[in-house]
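Have a look at the structure below before the remarks.
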């Protein structure tokens, strides 16, 4: 029997946290000082040499204040929405009048573009009004509106300003008039899930249960018989402008997870971003309504994703065809899709699961995704991005083998389909949310990221100053400034990657209770100094033998960081390398990597080139020379020289 | 300086050879008794449960003797042509009145379908006459006509009957009126090369040089500036019915090897079958006209294909996208395309190169392709075929990962695009052609396939009875019945895979001259008994280290046979297997494989499944159990049980 009612946790809000981490502050600053201004210029088509966006102009055209045609993807609106959401998170923790003015300017034009009935989607509003809601399968209307709702909720939380929230409530009310269980309303649901989780945010921001109910309706209706998309395909096909989503000429129901009801889903299939957003919404609704059927499905899907379909970097999506999951243990490295947005989605899903079940495995995954896929997807300068996150790179193959063409060799300034860059921005700008949470009584520390904590509990505030030297130091010190009442409870996550840990309160070693990967300090007093230390082992990892792509191979990992081998350190043809598994793994902080993170040096062999033969095949003979191999954290790969990259190396 | 004038060889004709080989006779009989009748029923839509063909009916419709619409691929005509060609080869060595009557029946309907001006293509003749020659890029007209010419030449050579040859000469004459260097004629060339080599056959059958000239025109014009296909794309786009050949919305010139002139081509690119047919025609024209520029390009391309882009099975084509070559050393096993027709084409190319350069490497490749890809592409019952020849098989991935969907798990009865099955039939039916050749003076033995040889030389006939116990015996005995004049010359190919050989004439050991892989016996007399013995080593092979897909792996080979590991012998998850490279490789003829070919048993290890963890990744620990591994010849894989298959196994 699954029960959730007794366990409810909430993430810390951004306003309750202040980041002061050596490692992460850089990224927050980058988002604030570089990424947001850069992306704003992109959205306004002011950045030369980048793929055009047209996103702001689309709103101006829809509002009738500028002449022109809609341009871009049908979901172009969402790029602006995600930018506003990211900017709002920054505003929540920083005074920034200029940024605030930009958002207000954006909201102005959004308000003008909104139809009288509340409808808001510039693609349709620019002369395609008769086609509204006729192609839910592919036209992303609710996806765009959902992102706008998320942005509006974030802006409201950051500033208390209601205007944008009201705009999006009008939009949500209009949707509620068009869709729902009542007679005469459409029984449809979005082709790209997103609004389901956005409606929960709207519900939380406004307290209006109708938004939660609408979200639940979309989730419950999805995949029920008769299938809405099958009907839509048959009946409104002539109006359809976008018929390309399906390879078969029929709607691909697995692609958008409508092949059965959401509660019946046992394996992650189809478009990975859609899946992640949907699972997140399922978890939201399960938590808010106590729906154990939804929760049970969430748990099954969580296990499938993280125990059978996730790359070691935390990336998901094994194929570019449909940007999708494939099946259990199918994790090819060369052809991985591993979309940035799917990684963002996996963090969203994990954080929601954690709000129902205080188990360290959720933050283990969040940490893995953050320190690997998320950071890797943006260049060190904040202006170049990966959409597909290579799990292995052979630049010539990306150029010459069409099966690997999607695996681009270098981060790009922008994309025609630009969902990923602003998604990274909003994730990094809201990093504070993932550091701790509370059930009102206990303060749970998930991520060891230096910050000032002021989290409200039931009986008062937890106030503490957490200092962590670096993510690879294994050292955290927390000065407790306030606890609710006389005695507070603080629980510390034991990272899944550590072997040993010690915890001290005022230099007295503790032997606290451990529950689901958390250390429970149950008698914390004002003024206590908590010290938590772990080893940060450098390790050779292996994959479950059912992951055929990694058979006979190993990956280097240090704490949460997955390492990789780059051509710039190890020469050409990384597939010729083999690791000596008995080699000592030497951390070398002097390697000069950005941020001072150590490289790892280890011993191995490299197959020698054939000097004496031009044949392609010949009798087996092991000719290797001993070499010293250098591994660097995956997240910084491709920031020095373009070239080959390999995570899994032969043993 | 390349010279070809002094070295000209011709393949033996089918009428000069009579097959009596234990191993191969079975396949010849299979083609005659099973494959041809079966495919005839298919072509006439009389075979239930197979993909419909409609090929014969298309001719009847074009001839106006049946009502209906053209059905099938635009190159459906070629299926019937290849069937006639195959049947003609059978007729050349067998009395078979019934088969002869079927061919005559087919020729009747072809004759009726031919237009008055000689044009022959049922797709266009069935109501699309106004579109003739408007879409050379994709419409395969000359491809179909070329196959018909090959069939007509084969039928004429087998029977001496001219009717079909005359039909196709009228067709070729019509093409010559439409295309050519003269003013007013089109400067185009086929989108799918084929007719170039067919015209050389027509030239040889008729002695009419205009056909050789037309072939040369097509080859020389191809890829010259301004590019014909670029113009065609721009000017006749509205008439185009087939716009799907290009991924970019523009003609993909590399796809059909028209990106530069044929003489300028240095690397095999694009659609592999087109490439192979074109290279074959280039070699033909080089040989017939002494064109050293073409020959030089052929040699460069030969080296590229066989030394940098060929699978160990002799298969070519690394990607399903465009059924194409990719680039040097890119030979992924899981996603290989390796089309059957491309393997047939590689044999055609090799045989032509050998007609200008008596070097054993050409028949080394022919033998490799024959004993592996060709045989594997058809089931033991002759009624099921591979179009894509898997170089590795994980059935669940073929089902659930769209990147591997083209790698079908079991041979099929027929295909909507059915180029491959009749191509296999015509190759197997003409196997005799590849066994020996002559320059008029010396008889060259290429393949050790038991046969009665009656090959005309300049001064008389070579007549001999060659007996080979089995392809894995390494034993050949030849009773020489006649040589031209008093003393003849016989050259024996030393297979590239053997280490040791011995040759005896009348039991006297010989130390003959060796040139480019051939043993030259320069004083052979009538009544001599030649005995040639080689070792047939079982070996572990490796690929050039630049073939990343095979890094750290080995493949088992015995003589020309590449071996593979099947699930039915070795259990599930073949990727968990590792070979002990010091293991003895034990041939076991008692394994009960079809034809008595031995299996190979060797020692290795299998990674143990994780009993104690449900995590996907964990610290490296080598847990293997010793196992005995069984490899079987690649050509018989999938004939016992469906399941996994692996050629390259970890060491």
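The values are calculated or read from the model by the stated rules, or taken from the named source; none is laboratory data. This is a predicted model, so every value here is computed, not measured. Positions of Cβ are generated from backbone atoms using ideal geometry, with glycine treated the same way; all protein chains shown enter the neighbour counts.
Data overview
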quantity	calculated
Residues that are part of a strand (DSSP E or B) and within 12 Å of chain B (Cβ to nearest Cβ), drawn from region A:554-585	A:554, A:555, A:556, A:557, A:562, A:577, A:578, A:579
Candidates B:578, B:603 - the one that is within 19 Å of residue A:650 (Cα to Cα) and under 35 Å from the mean Cα position of the chain (by Cα)	B:578
Criterion (surrounded by 13 or more Cβ atoms within 10 Å (Cβ to Cβ) and without any contact (Cβ under 8 Å) to a residue 60 or more places away in the chain) met by exactly one of A:38, A:27, A:9, A:71	A:71
Criterion: more than 12 Å from the chain's Cα centre (by Cα), within 16 Å of residue A:636 (Cβ to Cβ) and crowded, with 24+ Cβ neighbours inside 10 Å - qualifying residue of A:444, A:386	A:386
Which listed residue is at pLDDT below 95, surrounded by 13 or more Cβ atoms within 10 Å (Cβ to Cβ) and out of contact with any strand residue (DSSP E or B) (no Cβ under 8 Å at 6 or more places or on another chain), from A:596, A:592	A:596
Flag if residue A:603 is out of contact with any strand residue (DSSP E or B) (no Cβ under 6 Å at 6 or more places or on another chain), in a loop (DSSP other than H, G, I, E, B), away from chain B (no Cβ under 14 Å) and touching a residue at least 12 places away in the same chain (Cβ under 8 Å)	no
Helices (runs of 4 or more DSSP H) wholly inside region B:122-185 that include at least 2 residues being under 26 Å from the mean Cα position of the chain (by Cα) and modelled with pLDDT of 95 or more	B:141-159, B:163-178
The lone exception for residue B:638 - which of (1) out of contact with any helix residue (DSSP H, G or I) (no Cβ under 7 Å at 6 or more places or on another chain); (2) in a loop (DSSP other than H, G, I, E, B); (3) farther than 23 Å from residue A:622 by Cβ; (4) without any contact (Cβ under 8 Å) to a residue 60 or more places away in the chain it fails	(4)
Answer from A:632, A:627 - the residue that is outside any helix (DSSP H, G or I) and away from every other protein chain (no Cβ under 14 Å)	A:632
So residue B:470, is it assigned to a strand (DSSP E or B) and either touching a residue at least 40 places away in the same chain (Cβ under 8 Å) or in the same structural domain as residue B:371 (by TED's automatic domain parsing) (or both)	no
Helices (runs of 4 or more DSSP H) enclosed by region B:320-433 - at least 1 residues per element that are touching a helix residue (DSSP H, G or I) at 6+ places or on another chain (Cβ under 8 Å), under 29 Å from residue B:445 (Cβ atoms) and facing another protein chain (nearest Cβ under 10 Å)	B:360-368
Qualifying position, being under 28 Å from residue B:333 (Cα atoms), at pLDDT below 95 and in the same structural domain as residue B:609 (by TED's automatic domain parsing), among B:585, B:577	B:585
Residue ranges of strands (runs of 3 or more DSSP E) in region A:505-548 with at least 3 members within 14 Å of another protein chain (Cβ to nearest Cβ)	A:538-543
Count - residues of region B:304-319 that are at the interface with chain A (Cβ under 8 Å from one of its Cβ atoms) and either out of contact with any strand residue (DSSP E or B) (no Cβ under 6 Å at 6 or more places or on another chain) or in a loop (DSSP other than H, G, I, E, B) (or both)	6
Members of region B:249-264 found to be in contact (Cβ under 8 Å) with a residue 40 or more places away in the chain and part of a loop (DSSP other than H, G, I, E, B), listed by number	B:251, B:252, B:255, B:256, B:257, B:258, B:261
Index of the failed condition, residue A:401 passing every other in (1) modelled with pLDDT of 95 or more; (2) under 20 Å from residue A:595 (Cβ atoms)	(2)
